[in-house]
Amino acid sequence: MRVTGRMLFAVMIALASLGAMSQQHAEQSATDNEIRIGNVMPYSGPLSEFGAIGKAEAAYFDMINDRGGINGRKVRFITRDDNSDPASALELTRNLVEQDDVLLMFGSFGTPGNLATRRYLNERKIPQLFVASGDEELSRPNRFPWTMGWQPSYKAEGRIYANYIQAYYPHRKIVVLWQNDQFGRMVLKGIEEGLGDLNRLVLVDIAFDIADEHLEGHVSILKRAGADIFVFLGVPSTASKVIKLAASLNWHPVFIVNDASASIANAMAPAGLENSAGVISAAFLKDPSDPAWKDDPAMKDWFAFMDKYHHVESTNNSAALYGYAAAEALTQVLKQCGEDLSRENIMRQAASLRDYRPSVALPRIRMNTSPDSYLPIKQMRLVQFDGRSWQPFGDVIETAFTEGATR
């Protein structure tokens, strides 16, 4: 049984036909002294907790500039608030390209906004690099060679959870509470692909809107279904509420949460550490709030960076760490460009990463790209929260089965 909430459709506005940018205009985007980079983020609106990504990226480039810039050029990072609205994302992106003369767009957040701007940027051959979305549609080099993802795909993550359930809890009943947007649908699709014929074990899945005021009712319905496994797909602030609600109902299923919600500081602790003990997820970056990394050299660098360049109430924000890691990866690409900062060379270097490891990635997680592969990070690790720290188990997962068992 599927319960669906109010469906939201982003209205795509028509693109006006514009002339090709002149070579002089393209050269102005990267001068001898400056590299202009554009970005849009949800600093306000329902997904504003992910605005921490853009703020951390801005702080990272401040640090890079203090160290002399990239190949002698300072970075000018221009970031705008799109309020999680695709039409605003398109308008702001056009302004960044046509008025601010950015050389490339980097790390813009969310699937709808990036899909809204993809054709515009590809028609003008402007890099749309390391988008903050795991939708595989944003990593299609044959169709859109100027757009590249960064993180593991949502569907692959969903397949990982399905394979985990098959391996550890075969034939157990499942319920799912998923965020009613492109992100939630894609992770759920991956779970369905991974389960295959075993989708019959999913008793109920409920879609919820980001501002849903009926979470208690949803969790109560899921508990009454009598399932052994509860899969949550959403944002950290909602995950914390759902974990706490389940505990208040004296319901203690096998609890799986998606990677974006697997933050000790932003989800597990607010839900209550004792309530969160046992939660399963899949991760590719270290959790800055995990005491397991307190002596890790890369995390020491992270905390020093936060203290000096990014003065916020908490240094434990996983979204901020994501922005730091993505900015570090872009810096690597631009360093590889040397003196050739043409847009063509930027994409060439982005598509030729070999075993590059972001400093805050989990051990054995690497970035690899090629002209035919625009998913830089394909690996994840299963982790379980023990009430204090995330404990990895099993091997690093590069692929997951796309069809479940049939028995």
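The values are calculated or read from the model by the stated rules, or taken from the named source; none is laboratory data. From a predicted model like this one, the values you see are computed outputs, not experimental measurements. We place every Cβ from the backbone using ideal geometry, glycine too, and count neighbours over all the protein chains shown. Please note that ligands, DNA and RNA were not included when accessible areas were found on the heavy atoms of the full protein model with its side chains. Shrake-Rupley method; radii C 1.70, N 1.55, O 1.52, S 1.80 Å.
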Where only protein heavy atoms count, and the probe is 1.4 Å, what is the accessible area per residue for the chain in Å²?
42
Mean Cα-pair separation over length for the chain, i.e. relative contact order, pairs under 8 Å, 6 or more apart, %
18
For segment 164-255, alpha-carbon Rg and Dmax in angstrom:
12.5, 35
q = 0.11 Å⁻¹, segment 33-186: log10 I(q)/I(0) [Debye, one scatterer per Cα]
-0.49
In µm²/s, what is D for the chain at 4 °C and 1.567 mPa s, where D = kT/(6 pi eta Rh) by Stokes-Einstein and Rh is the Kirkwood radius from Cα pairs?
60
Can you give me the C-alpha center-to-center distance between segment 230-256 and segment 107-184, rounded to a whole angstrom?
23
Would you mind checking the pairs Lys173/Lys378; Lys155/Lys244; Lys55/Lys244; Lys74/Lys294; Lys173/Lys244; Lys189/Lys286 and listing those with alpha carbons more than 24 angstrom apart?
Lys173/Lys378; Lys155/Lys244; Lys55/Lys244; Lys74/Lys294; Lys189/Lys286
Leaving ligands, DNA and RNA out of it, report the carbon-plus-sulfur percent of the accessible area of segment 192-243 at a 1.4 Å probe.
48
Provide Thr315, Thr238 ordered by accessible surface of protein heavy atoms (probe 1.4 Å), highest first.
Thr315, Thr238
Which value in Å is the Kirkwood Rh of segment 235-391 over different Cα pairs?
17.1
Could you order the peptides 377-383, 102-108 from most to least packed, using the average number of other C-beta atoms within 10 Å per residue?
102-108, 377-383
Students often check this: by mean Cβ neighbours within 10 Å, which of 265-275, 242-252, 335-345 ranks highest, and how do the rest follow?
265-275, 242-252, 335-345
May I ask you to evaluate 6.51 cos²θ - 1.76 cosθ + 1.60, the Karplus curve with θ = phi - 60°, for each residue of segment 254-259 and list the ³J(HN,Hα) values in order in whole Hz, giving x for glycine and proline?
5, 10, 10, 10, 5, 4
How big is the antiparallel share of DSSP beta bridges in the chain, given as a percent to the nearest 5?
30
Per-residue ellipticity at 222 nm for the chain, helices alone: DSSP H runs ≥ 4 residues times -39500 (n - 2.57), over residue total, nearest 500 deg cm²/dmol?
-11000 deg cm²/dmol
Kirkwood Rh in Å, taken over segment 294-375 so that all alpha-carbon pairs contribute:
14.2
